[in-house]
Amino acid sequence: MTITFGVSPIAWINDDMPELGGDTPLDSVLKDIAEVGFAGSELGGKFPKDAPVLKALLGGYGLELVGGWYSCELLTRDAEAEIDALQGHLALLKAMGSRVFVIAETSNAIHGQKHIPLKDRPHLDAEGWARFGARLSAVADYVNAQGLKLAYHYHLGTVVQDEADLKAFLAHTTPNVGVTLDTGHAVLGGIDPYGLIDSHPERIVHVHCKDVRQAVFDQTAGADDSFLNGVLAGMFTVPGDGSIDFDRVMQGLKRIGYAGWIIIEAEQDPAKADPRAYAELGLKTLRTAAQAAGLSEAAR
């Protein structure tokens, strides 16, 4: 039972806000990722989507493709239509040997809108939860049958943000709908990440580790501002630079026998927060916590 450390390229090039690192060469990003010591990267917007080309590119740096975000629209289309829509993304992940399919509902999400306050994010009623849960469970059946684990990503500004949302989500989906444990979105969204590990260990199939600056959140997205403006202000950072107890996170993952990827993902303005320096801090923090908890890192 081993863990493997990877990273998201969003700290270097932000796909939601191209003004943040949009002119950074992809080769420069991959060089940083490899030299810091990560084994893999999640998919970024600048990554080629042709599997042989991407495989050669990542292979040149000794990196694997961990997976990548997929935006589903199950509130507006049925499972069959969603399965049709995800074919290209799924084919790329399968060709690259990825083991997880990270997915989030975005048809009515507001996290990509600078002018919409986070407090105005969407909610589902009982009928909506039942419909969404049934559709997502059907998609999970399909993705699982293709050899990947579906890993739902709860996220600020979406229908699964707080503890009540998560409770409804878990109640209306089948056990094969896995969850991406995202520490930063949990804490700022009102979800207890430590409790989630212990109460639903069978659901934890992927892990994103980001830290938070609570005071920045409270003054921005936690008040009357948008998610993106909260990011710009610096509400997220890497493990070791905020308030989340990653010793406790790693102890929880050890307790449930977690095996798989642990991804550092902390979107910041690269002009203010050097991505490589912060990635080094995040990886050092997580490695130290993992070793103390008795988690074994996969050999490379």
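Read-outs: derived from the displayed coordinates by stated rules, not from any lab. Since we're looking at a predicted model, the values are computed, not measured. Here Cβ is always computed from backbone atoms with ideal geometry, including for glycine, and neighbour counts include all displayed protein chains.
Using only side-chain charges placed at the Cβ, +1 for Lys and Arg and -1 for Asp and Glu, the dipole size of the chain relative to its Cα centre rounds to 800 debye.
Each of the peptides 259-271, 57-69 was scored by the mean count of other Cβ atoms within 10 Å over its residues; in descending order, highest first, they stand as 259-271, 57-69. Each residue of region 114-119 was assigned a 3J(HN,Hα) from its phi angle through the Karplus expression (A = 6.51, B = -1.76, C = 1.60, θ = phi - 60°), giving 5, 8, 9, x, 4, 5 Hz with x at Gly and Pro.
Per-residue Karplus couplings for region 207-218, computed as 6.51 cos²θ - 1.76 cosθ + 1.60 with θ equal to phi - 60°, are listed in order as 9, 10, 10, 10, 9, 9, 10, 4, 5, 5, 4, 4 Hz, Gly and Pro entered as x. For residue 100, the amide hydrogen comes within under 5 Å of the amide hydrogens of 149, counting only partners 5 or more places away or on other chains and with H modelled in the peptide plane. Using bins of 10 Å that start at zero, the share of Cα-Cα pairs per bin across the chain amounts to 6, 29, 38, 24, 2, in whole %. Annotation: amide H of residue 64 within the under-5 Å range of 40, 41, sequence separation 5 or more or interchain, hydrogens built in the peptide plane.
Within the chain, DSSP assigns beta bridges of which about 5% are antiparallel (rounded to the nearest 5). Region 140-162 to region 60-90: how many Å between their Cα centroids? Distance between centres, Cα-based: 10 Å. Rounded to whole numbers, the Karplus 3J(HN,Hα) couplings from phi for region 51-60 are 4, x, 5, 5, 4, 5, 5, 5, x, x Hz, using 6.51 cos²θ - 1.76 cosθ + 1.60 with θ = phi - 60°, and x at Gly and Pro. Over the chain, DSSP H runs of length four or greater, each weighted -39,500 (n - 2.57), average out per residue to a 222 nm ellipticity of -12000 deg cm²/dmol. Here the relative contact order of region 77-221, from alpha carbon pairs under 8 Å that lie six or more residues apart, stands at 23 percent.
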